[in-house]
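Enquirer: This is the structure I have questions about; it appears just below.
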Amino acid sequence: MSSYLGRTTLAITIAVIVGVLYTPAFSDNSIATRINNGSKLLLKEGTDSLFYVYGDENGAVQLAYGDGESWDEDQVVSGRDYPAIAADSTSKRWVAVHQTYIQSGGLAVQEAYYYDGDEWSAETLYSGQGDEIYIGPPSIAGASSTTTGIVYVAFLRTNKAWPYAKSVILTKYNGTAAANRTVATDSNLGDPAVVVELYMADSFVVHVTWEDENHRSKHAWTVDSTGASIPAMVTWQGTVSDPDEDAHHPSIRADRDRVVVAWAQGSPPEVYARRCLLGTWEEDAANQSDTPEDSSDYPTIALGDAVVVAWEETRSGSDHDIVGFVDFMHDITIYDSDVISSYPHITLQRDGDHLYLHTIWSEPDYEVGYNNIDLWDGEREGQQSAGSLPITAKPSLAACLPNPFHSHTQISYALPTAGNVSLQVYDATGRPVRTLADGYRNAGEYSVSWDARDTEGKQVPYGIYFYRLDTPGFRSVKKAVVTK
């Protein structure tokens, strides 16, 4: 089933597989989920609750919430657009918005809204004189591992007077006050995206990516904590895209073991992605779309038990589809219709032996399209093309328990098919520390213990370690923290 939540009503329109019953009048494509390099779709961790935000035809920001089968909605604020959504460690949902109009002499503000149990309340994260600057659309991320609720918002600040400089601004709200950090400044920059990667309890890595003045995708990061200020950004990789090709609309996601950046590159554009594992970037970016006859743009990323990059594919002037690439190996058609479907946003949900890809996108007349696909068994709810292929179940590596730990932790992994396995522990520099499994294993679930000792039986120093599972065609890395 594919459902559409329209404007300010709760009515759901149903599209069937053959795509006949849903034929909305088309004038120009909606801007409901238009790109601002921030996610508009959120799955509440450990639940089936989905939340998405969009801009409606009346110039208001709406929040829709449901389980994919039925939806309710609530207006967050009027006179704003380009919303993005994130959750902090207290499960509070935040919606960052863009101010649509500033009267002469007024303030240009960057706001984030949260629901306090009674109404939507705003925190002003950044402000400036409206007739002197322009503040661009935001991207927002929550530091989900902290003991206090922290959110980060990244956006562009543009001077309206000479020299018309643009700056990538990173703002942090730690539950008490807002702090700002200038990440980059130049004459012509593109909208940034921000994500937070777990590092240790109450310590994490903040990643920011943006389009630089030479139309390349740039990347910077910093290690932060729950304090009021933001440490200086460190340029980790610098340019992640091809320095000889124009790159636009960078998107970024991160989790415990990896960072993935995707962008549109070339003319006509194609979608590329690049991964960073254990602090080391893959040497080359991978072409995800590989359709030189079509235009591929507005990439979005989901990380979990798979890596999914999705984007808008232009088939013709009146036919845009939502397609993707799974684990840098499998093509997938997410939504195929005869109208312009655009600006996708995706998230993953693991449910036992199922891995669901939830997707929203813009349809004409400010409609928001939704469907979900089970990547592991091929069951699809929503319209799909006949060429879509199921992604077979693959190995999995669980978070170690306990973590952090002092003397012992348990590491579990599962194999859907028999094969050779390597499970190794590395220190923070990438040096091998201990081999926990090596050789042929039958299909099944396994659990091994690590006693915080190296191959010579010596206690390892306190700090961060990584354990990596390798099987043919699969690799997964997770962090373990050894404490005193």
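Enquirer: Go through the stretch 84-123 and give me each residue that's of a type in the set (D, E) and either free of Cβ contacts under 8 Å to residues at least 12 places away in the same chain or touching a helix residue (DSSP H, G or I) at 6+ places or on another chain (Cβ under 8 Å) (or both).
Expert: Residues satisfying the conditions are D116, D118, E119.
Enquirer: Please work out if E211 is in contact (Cβ under 8 Å) with a residue 24 or more places away in the chain, acidic (D, E), under 15 Å from K166 (Cβ atoms) and crowded, with 22+ Cβ neighbours inside 10 Å.
Expert: So E211 passes the test.
Enquirer: Which number in (1) closer than 30 Å to V448 by Cβ; (2) modelled with pLDDT under 70; (3) surrounded by fewer than 17 Cβ atoms within 10 Å (Cβ to Cβ) marks the one condition that P390 misses?
Expert: Among (1) closer than 30 Å to V448 by Cβ; (2) modelled with pLDDT under 70; (3) surrounded by fewer than 17 Cβ atoms within 10 Å (Cβ to Cβ), P390 violates only (1).
Enquirer: If I filter the stretch 352-369 for residues that are at positive phi and touching a strand residue (DSSP E or B) at 6+ places or on another chain (Cβ under 9 Å), do I get at least one hit?
Expert: yes
Enquirer: Answer yes or no as to whether D290 is surrounded by fewer than 16 Cβ atoms within 10 Å (Cβ to Cβ) and more than 24 Å from K40 (Cα to Cα).
Expert: Spelling it out, D290 is indeed surrounded by fewer than 16 Cβ atoms within 10 Å (Cβ to Cβ) and more than 24 Å from K40 (Cα to Cα).
Enquirer: Next question, about the same structure. Only residues that are within 18 Å of D255 (Cα to Cα) and touching a Phe, Trp or Tyr at 6+ places or on another chain (Cβ under 7 Å): list them for the stretch 301-312, please.
Expert: Listed by number, the residues that qualify are V307, V309.
Enquirer: Anything in the stretch 235-265 that is among the hydrophobic types (A, V, I, L, M, F, W, C) and more than 26 Å from S476 (Cβ to Cβ)? List them, or say none.
Expert: Result: A247, A264.
Enquirer: Right, next: Consider V183 against the criteria (1) out of contact with any Ser or Thr (no Cβ under 6 Å at 6 or more places or on another chain); (2) more than 22 Å from A84 (Cα to Cα): it satisfies all of them except one. Which criterion is unmet?
Expert: (2)
Enquirer: Kindly indicate the residue of the stretch 125-142 that is over 20 Å from Q62 (Cβ atoms) and small (G, A, S) and also surrounded by the most Cβ atoms within 10 Å (Cβ to Cβ) among those meeting that condition.
Expert: Selected residue: A141.
Enquirer: Right, next: Take A193 and decide whether it is surrounded by fewer than 16 Cβ atoms within 10 Å (Cβ to Cβ) and either of a type in the set (S, T, N, Q) or in the same structural domain as M233 (by TED's automatic domain parsing) (or both).
Expert: No.
Enquirer: Can you tell me which residues in the stretch 444-476 are among the hydrophobic types (A, V, I, L, M, F, W, C), surrounded by fewer than 18 Cβ atoms within 10 Å (Cβ to Cβ) and within 19 Å of D257 (Cα to Cα)?
Expert: Residues satisfying the conditions are I464, F474.
Enquirer: Restricting to the stretch 78-124, what's the tally of residues that are on the phi > 0 side of the Ramachandran plot and surrounded by fewer than 21 Cβ atoms within 10 Å (Cβ to Cβ)?
Expert: 4
Enquirer: Report whether or not Y126 is in contact (Cβ under 8 Å) with a residue 40 or more places away in the chain and assigned to a strand (DSSP E or B).
Expert: yes
The values are calculated or read from the model by the stated rules, or taken from the named source; none is laboratory data. What you see is a predicted model, and the numbers here were worked out from it, not measured in a lab. Quick reminder, even Gly has a Cβ in these numbers, built from the backbone with ideal geometry, and neighbours come from all protein chains shown.
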